[in-house]
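Have a look at the structure below before the remarks.
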Amino acid sequence: MTEIKPLSFNQQLRALSPWQQLAFITALAQRSSVNYQLFCEAVDFGEAGALNKLLGLLWESQLTKEAKINWAVQQEKLPELQPDPDAYDMYGVYPALDAAMAVELAIEQALQTDEENAIRASKLSRSTVRQFLVKQLPEDFDEQHESTWLRSQPLMDDENAFQDELLVQVTSANIPHPLLIRQLRELANNQGASNLGISLD
């Protein structure tokens, strides 16, 4: 008798229904949006509220079946919301760009379902945390021990635990019940802290 191997995290994401994938991506984007707001406030870039408005529309579309949102029009707003890393001599531009890219993935998913988008969003969020942690390492740190060091970091643990919990909640229902969507939004708000553990306070 052949042993059935449990599905990997990415395989579980691929197996989600389209609404579950959209909810998963939107929640990750919501959690990272604080990084974007802090960057906008620090350098007076664009309008932090514009990204939040897009997130609001994404949640609204999942809460209300009657919501008619032209995602192609919303997508056109994204380029001007994405900061250019070459234009800023500060690390904060990278998490901010990642946050804008996460919203872009959610809008792409709302426009046309692609099972890889949830995986892209998952990897993007983990990468934001990983790069933030690596930035804190001394230059002479042994690269061979980098992955072991990363796995031992509470922030990386938090990221992995958040994504695990998000997947559990997303798969707890077969239909996008408004109560579940509100719970996911609350989870994603993460008590005001981003995936880098920083908050507007």
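The values are calculated or read from the model by the stated rules, or taken from the named source; none is laboratory data. Note that this is a predicted model, so its numbers are computed, not measured. Ideal geometry is used to build each Cβ from the backbone, glycine not excepted, and the neighbour counts take in all protein chains shown.
Brief remarks on what is shown
- Among (1) over 19 Å from I25 (Cβ atoms); (2) outside any loop (DSSP other than H, G, I, E, B); (3) in contact (Cβ under 8 Å) with a residue 12 or more places away in the chain, the one test that G197 misses: (2)
- Qualifying position, being touching a residue at least 40 places away in the same chain (Cβ under 8 Å) and farther than 11 Å from L28 by Cβ, among E115, E143: E115
- Evaluation of P176 against (1) part of a helix (DSSP H, G or I); (2) in contact (Cβ under 8 Å) with a residue 12 or more places away in the chain (one fails), failing number: (1)
- Of the residues making up the range 120-133, those that are free of Cβ contacts under 8 Å to residues at least 60 places away in the same chain and either in contact with a Phe, Trp or Tyr (Cβ under 9 Å, 6 or more places away or on another chain) or among the polar types (S, T, N, Q) (or both) are S127, Q131, L133.
- Checking each residue in the range 33-90 for being within 19 Å of the chain's Cα centre (by Cα) and among the aromatic types (F, W, Y) picks out Y36, F39, W59, W71.
- For the residues L179, L124, L111, the requirement of being surrounded by 15 or more Cβ atoms within 10 Å (Cβ to Cβ) and modelled with pLDDT of 90 or more singles out L124.
- Top-ranked residue of the range 54-106 - restricted to ones that are touching a Lys or Arg at 6+ places or on another chain (Cβ under 8 Å) and free of Cβ contacts under 8 Å to residues at least 60 places away in the same chain, ranked as surrounded by the fewest Cβ atoms within 10 Å (Cβ to Cβ): Y91
- Condition check for N195: at pLDDT below 95 and out of contact with any Gly (no Cβ under 8 Å at 6 or more places or on another chain): no
- Among the candidates S127, S152, S147, the residue that is hydroxyl-bearing (S, T, Y) and within 30 Å of A50 (Cβ to Cβ) is uniquely S127.
- Taken together, F132, F162 contain a single residue that is over 23 Å from G46 (Cβ atoms), surrounded by 18 or more Cβ atoms within 10 Å (Cβ to Cβ) and of a type in the set (A, V, I, L, M, F, W, C), which is F162.
- Filtering the range 1-33 to residues that are of a type in the set (D, E, K, R) and either part of a helix (DSSP H, G or I) or at pLDDT 95 or above (or both) leaves R14, R31.
- With respect to the conditions (1) in a helix (DSSP H, G or I); (2) small (G, A, S); (3) more than 22 Å from Q11 (Cα to Cα), A67 falls short on a single one, namely (1).
- In the condition set (1) surrounded by 15 or more Cβ atoms within 10 Å (Cβ to Cβ); (2) without any contact (Cβ under 8 Å) to a residue 40 or more places away in the chain; (3) closer than 30 Å to E60 by Cβ; (4) not charged (D, E, K, R), M156 is compliant with all but (3).
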